[in-house]
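Student: Handing you a structure now.
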Amino acid sequence: MQRTDIDDAVRNTVAKILNIEAGGFEMSDGFKQDLQADSLDIAELAEVVCNTFQIQVAEADIFQAATPSGLSEFIHNRLMQRQTP
């Protein structure tokens with residue numbers, strides 16, 4: 001999966017969970033500070049990411065990623081690890 005595909009999926013997922021337009025935020029916006037995501041939003045985001053990408057993602061991982069861009073990078077790295085024998 002290409003990084004741009006991951007970015008698009010993260011952007012659309014964040015928009016859906018937070019009820020905002022996909023073009024209404026920057027990938028560098030903070031989940032809590034800028035996008036006003038609460039703990040329930042982060043839990044839902046972790047669940048959707050796990051199901052969408054078939055990787056393990058804890059809520060703490062999303063808090064550590066801090067931004068949609070950081071989450072996209074986290075997902076990309078996990079997928080690359082999975083592909084490496």
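Student: If the Cβ limit is 6 Å and pairs must be 6+ apart or interchain, which residue in the range 10-36 that is touching a residue at least 60 places away in the same chain (Cβ under 8 Å) and more than 13 Å from Thr67 (Cβ to Cβ) pairs with which residue that is assigned to a loop (DSSP other than H, G, I, E, B) and hydrophobic (A, V, I, L, M, F, W, C)?
Tutor: Cβ pairs passing all conditions: none.
Student: For Met1, only one of the following conditions fails: (1) in contact with a Phe, Trp or Tyr (Cβ under 9 Å, 6 or more places away or on another chain); (2) of a type in the set (A, V, I, L, M); (3) closer than 17 Å to Gly70 by Cβ. What is its number?
Tutor: Among (1) in contact with a Phe, Trp or Tyr (Cβ under 9 Å, 6 or more places away or on another chain); (2) of a type in the set (A, V, I, L, M); (3) closer than 17 Å to Gly70 by Cβ, the lone unmet condition for Met1 is (3).
Student: Is it the case, given these coordinates, that Phe74 is free of Cβ contacts under 8 Å to residues at least 24 places away in the same chain and among the hydrophobic types (A, V, I, L, M, F, W, C)?
Tutor: The answer is yes for Phe74.
Every number here is computed from the coordinates shown, using simple stated rules; none is lab data. Owing to the predicted nature of the structure, the values given are computational and were not obtained by experimental measurement. With ideal geometry, Cβ positions are generated from the backbone for all residues, glycine too; neighbour counts draw on all protein chains shown.
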